[in-house]
Amino acid sequence: MPAFALPAFRRPTRRADMSDPTAMLDMLARMSALQWTRWGGNAAIRQTQAQRLHDLLRFTRERSRYLAERYAGLPDDAALESLPPLTRNELMGCFDDWVTDPEVTRSRLADFLADRTRVGELFLGRYAAWRSSGTTGEPGLYLHDADACATYHALIAAAMQRPEVSMAWAFGQCAHGGRRALVAATGEHFAGVVTWRALTQWAPGGESCELSVLRPVAEWVGRLNAFQPAFLAGYPTALVLLAHEQAARRLAISPSIVWSGGEHLTAAARRAIEHAFGALVVDEYGSSECLSIAVGCRHGWLHLNADWVILEPVDVHHRPVSPGTLSHTALLTNLANRVQPVIRYDVGDRVVFRPEPCECGSAMPALHVEGRRDDVVTLRRRDGVRVPLLPMALTTAIEEGSGLHVFQVVRVSDDALAIRLPDAPARARRASWSAARGALSALLEAHGLDNVDLSLDAAPPQVSAASGKLQQVVDPARHGVAAGPRARRPRGVRPS
Ligand SMILES: [Zn+2]
């Protein structure tokens, strides 16, 4: 335990949602400041970024026991590049000393996030809270204070103010009453749905509709046909499925804006969505640690919100890589959030920065992101109908239904899935397999896929040879390889 004495704690009085009477004024002030900074060009952006980084580091050294210790010995004006990179597992392991509010503890937050009836509520009455899905260990638990949330909302509002977006938005307000629909993991404390609910509190006009990724596509289609949204948001994998439904004329909607987030949007996916809906596609890159890192432009590049975010492309040893070079990972610094400082945090995404300015004229650095890519898995029902399952549906079903976070789902054939679990004593492994099988069976049944065989693969989860990252949902056929060793059941496990 670090021995640093921290200054007396003063409980924040503002709430991280729009119910706070000052929230709207605060967000408008932030939007105005954001525009002034950006009109000032590169020099103004760099100056603002440097000042915010200075303030964040000073605050962090005063208030975070863990980071104060990690930065001990470094001068007060140490350059960002001289600070140690941090990983999720490291920070989650010392959570109570990392956060800057002593009333926040990991166990209290974990209890809050375990209660799915409280999705969208504020933790301790003042912090937005969510968790990430677990891919390399226990899920990350995240808190965002009122200033951070107002900043994220201002960044989203700024993206909406771009001429092509605001025109499409105005058209959607007139043509479809501003109705908005979200396809997401709606029953969990994930960033997407929590933010959606916060934003729909104050966004002017329009009803809101949430569609769960755990439900069959046909159900989404029926609800969307009846709802006729002006604004459609979701994971790109879900949006592509809906684009196929629209192309097949089972879905007939005409949103003016389709907002893609939460996963990597490929150029092909963007084209499919644009073509099917004839809508403006806006791509946003964010993470649980920083909700709005970059926003896409009409030329297909993401532009870093460099006044509020620093993203360093680095190699496997965390050394910087040049623009034009694909990084091994990226180090994220979130300049907006104080309650849980994110400074040189390894986000695990491979990025490449564009060496020259983007044709769109934005002063913000342009980049492409190769985030984690899970596969959509298509299986065949008894009657021969092929049914796609989103990776988010498979992972959410297992996480919600079994409590497991480290696993890999592998498509073996048209009617067989295998699951890979980490090495563990036989008894624990049997219990995990039983829980995962139960959770997956329920999902498959909801999609009419109760004919699909489930098995336990003898191998543990395999890291992708191409990216070095763990894909939670893999269809080996999409990567030109066989499904791997034949799955076998451990002793004592009955066939499914
Ligand atoms: Zn651009």
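Report, by residue number, each residue of the stretch 187-215 that is at pLDDT 85 or above and of a type in the set (Val, Ile, Thr). Once the filter is applied, which keeps residues that are at pLDDT 85 or above and of a type in the set (Val, Ile, Thr), the stretch 187-215 yields Val193, Val194, Thr195, Val213.
Being among the polar types (S, T, N, Q) and in contact with a Leu (Cβ under 8 Å, 6 or more places away or on another chain) is a description that does not apply to Ser362.
Taking the stretch 291-304 as the range and being out of contact with any helix residue (DSSP H, G or I) (no Cβ under 7 Å at 6 or more places or on another chain) and either modelled with pLDDT under 95 or within 14 Å of the ligand (Cβ to nearest atom) (or both) as the test, the residues that pass are Ala294, Gly296, Cys297, His299, Trp301, Leu302, His303, Leu304. Does the stretch 239-252 include one or more residues that are crowded, with 17+ Cβ neighbours inside 10 Å, over 23 Å from the mean Cα position of the chain (by Cα) and in a helix (DSSP H, G or I)? Looking through the stretch 239-252, at least one residue is crowded, with 17+ Cβ neighbours inside 10 Å, over 23 Å from the mean Cα position of the chain (by Cα) and in a helix (DSSP H, G or I). Checked against the criterion of being closer than 21 Å to Leu86 by Cβ, away from the ligand (no atom under 16 Å from the Cβ), under 20 Å from the mean Cα position of the chain (by Cα) and not polar (S, T, N, Q), the candidates His328, His318 yield just one match: His328. When each of Arg338, Arg380, Arg420 is tested for being touching a strand residue (DSSP E or B) at 6+ places or on another chain (Cβ under 8 Å), crowded, with 18+ Cβ neighbours inside 10 Å and at pLDDT 90 or above, the lone residue that passes is Arg420. Test Ile273 against the stated conditions and say whether it is under 22 Å from Met160 (Cβ atoms) and either outside any strand (DSSP E or B) or away from the ligand (no atom under 16 Å from the Cβ) (or both). The answer is yes for Ile273.
Being away from the ligand (no atom under 16 Å from the Cβ) and free of Cβ contacts under 8 Å to residues at least 40 places away in the same chain is the requirement here; does Thr237 meet it? Against the criterion (away from the ligand (no atom under 16 Å from the Cβ) and free of Cβ contacts under 8 Å to residues at least 40 places away in the same chain), Thr237 does not qualify. Of the residues making up the stretch 57-76, those that are part of a loop (DSSP other than H, G, I, E, B) and either touching a Phe, Trp or Tyr at 6+ places or on another chain (Cβ under 8 Å) or among the hydrophobic types (A, V, I, L, M, F, W, C) (or both) number 3. In the condition set (1) more than 16 Å from the ligand (Cβ to nearest atom); (2) in the same structural domain as Leu241 (by TED's automatic domain parsing); (3) in contact (Cβ under 8 Å) with a residue 60 or more places away in the chain; (4) buried (at least 21 other Cβ atoms within 10 Å of the Cβ), Thr396 is compliant with all but (2). Being at pLDDT below 90 and buried (at least 16 other Cβ atoms within 10 Å of the Cβ) is a property that Pro485 lacks. Listed conditions (1) without any contact (Cβ under 8 Å) to a residue 24 or more places away in the chain; (2) over 23 Å from Trp196 (Cβ atoms) are all met by Glu274, apart from (2). Considering the conditions (1) within 30 Å of Thr329 (Cα to Cα); (2) exposed (fewer than 14 other Cβ atoms within 10 Å of the Cβ); (3) at pLDDT 90 or above, Arg411 is excluded by exactly one of them, (2). If you go through the stretch 277-329 and keep only what is among the acidic types (Asp, Glu) and more than 22 Å from Phe231 (Cα to Cα), you end up with Glu289, Asp307, Glu312, Asp315.
Counting the residues of the stretch 348-387 that are outside any strand (DSSP E or B) and either within 24 Å of Cys290 (Cα to Cα) or within 16 Å of the ligand (Cβ to nearest atom) (or both) gives 18.
Within the stretch 62-72, not a single residue is assigned by TED's automatic domain parsing to the domain that holds Asp17 and either at pLDDT below 90 or within 21 Å of Ala198 (Cβ to Cβ) (or both).
The values are calculated or read from the model by the stated rules, or taken from the named source; none is laboratory data. Keep in mind that what you see is a predicted model, and the values were worked out from it rather than measured. No Cβ is skipped: glycine too gets one built from the backbone with ideal geometry, and neighbour counts run over all protein chains shown.
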